[in-house]
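Working notes, structure below.
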Amino acid sequence: MAELWWIYSKPVPADSRELWTLFLQCSCITAVIGGLFYNWMFASLEYSWHLSVAMAISFSLLLLLTLVLVHPARCVFSMIMPTLGTKQGRKLLFSTCIMIAVVNITPNIISNIKTILQVIQCICKNSSESLLNSTALLQNVSWEFGDAVQEAINPIYRPMNGHFRISLLQNSSLIYQKMHLAGEKISREFLSVEVLVKDSVRVANRLAAGFFMLYLCFESSWYLKNYLTNVRFDNFYITKKLERLAMDRRAAHLLVGSSKELIRPTGLKLSREEVVLCLVQAMLVTMALMLMLVLVAMDHFAFSVADTAVRRAAQFSAVPVTLSIKYKAEMGIMPFLHKLIWYPPGALLLRDFDRTYHHHLIFSSAQCRISPPRPPSPSVLLVVGLLFCILYGSVFLEPFARRLCRGIAASFFQACEDRRVLHLYRKLARRHSRE
């Protein structure tokens, strides 16, 4: 492994064997990166498969030529891997979490809201139908009551017409049509909102992902540029070269006295600046986690409401309605008429009317088309949880990722590393002499 890395980090291969070894190394790397690039474009960014294949092949060929021919490009590419553990890599993971949430959680919430609206539509439709049927019942009651009024004891006192006139809406399909149109309009609006949200977030995620990838390459290039041009940049590590230089010049005490300011790149000790940076980044990740938890809670709440609405609607029993009519009438005769017609005083009784009618108001039926509520996907929650675990891990691994970047740059440009070590040694020596 050490020999392979030595060949990979050399500016120019020494012979044909090293050249072929370098070519095979770069070929394996580009094959793996090309596969990951295809999966990223097709699965995460949701490009078409033929475009993803074409882009992956073109990117792999261009990357292969760049790695084989350009030595600094190999260094920048090698530093991109540990740079994924820094804030730039976290931005990519954030965009992935947002895309997963929008593609999976948001449609789930909209579907459950549509289920709730379907339950409301079903209840309104069945209740209106029951009310129309109750109106028809009133029509039948009125005609029966009118017939009873017509059947007086004496035909002389029979009213001309004892029927009530109740205006009924004969075309009940008009109500159903309007309710159906209203439901279809709401469904179209929800579908348009869902499509708009998906498209907007998909485009924004593609732009953000492309920007983050370019910025990732830029950050690695910026680190390499500062490493090569500024000997003070990220130069506070007790490396093996610094230890050997101090031992050769019999100044090992310089490293012992400066142990509070210098750290070992392979150790677990963190400087004060690194600890503060980790805490700040952890707070930012926590804020993003809170927002994601709010979205997940909305998903669970929408499913709970939709599930409760569907179950309660199925449990709605028919509400019994009882209509009781008791009618008793008598017709009194004025006293002076009694004397004229020599009829005994009193009252003429008409026939009593005492009947009870039953009806049921129905709020739900099996004919309603209600889509079942969609529960939150456990796999989506698991993936999002794992991504946030990686995010928290990358927060505390970021200092070690920067140390790894420095080690990669030192292995690619050893002459520059010698100058940096000599500068740090002289700085420590001057500080010791002043003290």
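Using a 7 Å offset from the Cα along the Cα-to-Cβ direction at both M283 and R434, what is the distance between the two label points in nm, to one decimal?
Output for this residue pair reads 3.3 nm.
How long is the gain from V103 to L268 if the chain were fully straight, where each residue apart is worth 0.36 nm and the alpha carbon distance is subtracted?
Roughly 55.4 nm would be gained on extension.
In straight Cα distance, which aspartates and glutamates are under 13 Å from K198, not counting same-chain residues fewer than 8 positions off?
E46
I'd like the FRET efficiency for R311 and S127, computed as 1/(1 + (r/R0)^6) with the beta carbon distance as r and R0 of 22 Å, rounded to 0.05.
Taking R0 as 22 Å, the efficiency between R311 and S127 is 0.75.
Would you calculate the separation in nanometres between label points at R188 and V141, each defined as 7 Å from the Cα along the Cα-to-beta-carbon direction?
Once both label points are built, they end up 4.1 nm from each other.
Quantify, in whole percent, the carbon and sulfur part of the accessible surface of the stretch 201-256 (1.4 Å probe; protein heavy atoms only).
On the stretch 201-256, the fraction of accessible area on carbon and sulfur atoms equals 66 percent.
Spelling out what I want: for every residue of the stretch 220-229, take phi, set θ = phi - 60°, compute 6.51 cos²θ - 1.76 cosθ + 1.60 (Karplus), and round to whole Hz; glycine and proline get x.
The phi angles translate into 5, 5, 5, 5, 5, 4, 5, 5, 7, 9 Hz.
Taking K and R as +1 and D and E as -1, what net charge do the other residues with C-beta under 13 Å from the C-beta of V68 add up to?
+1
Could you calculate the contour length gain from L386 to V32, that is, 0.36 nm times the residue separation minus the distance between their Cα atoms, to one decimal place in nm?
125.2 nm
Can you compute the label reach from Y215? Point 7 Å from Cα along the Cβ direction, backbone N cut-off under 17 Å, restricted to the stretch 398-435.
What the label zone holds, given the 17 Å backbone N cut-off, is no residue at all.
Using the structure shown, select from K87/K241; K87/K240; K125/K178; K241/K269; K240/K269; K10/K225 the pairs with a Cα to Cα distance greater than 22 angstrom.
As for pairs spanning more than 22 Å Cα to Cα, those are K87/K241; K87/K240.
Rounded to the nearest 0.05, what FRET efficiency is calculated for R244 and M1 with R0 set to 25 Å and r the Cβ-Cβ distance?
0.65
Sorted by mean Cβ packing within 10 Å, highest first, what order do the peptides 321-328, 62-69, 103-110 take?
103-110, 62-69, 321-328
Taking 7 Å along the Cα-to-C-beta vector as the label spot, tell me the L65-H253 distance in nanometres, rounded to one decimal.
Rounded to a tenth, the inter-label distance reads 6.0 nm.
The values are calculated or read from the model by the stated rules, or taken from the named source; none is laboratory data. All figures in this text were calculated on a predicted structure; none of them were measured in a lab. For neighbour counting, all protein chains shown are included, and Cβ atoms are generated from backbone atoms with ideal geometry for every residue, glycine included. Note: accessible area is taken over every heavy atom of the protein model, side chains too, but ligands, DNA and RNA are not part of it. Shrake-Rupley method; radii C 1.70, N 1.55, O 1.52, S 1.80 Å.
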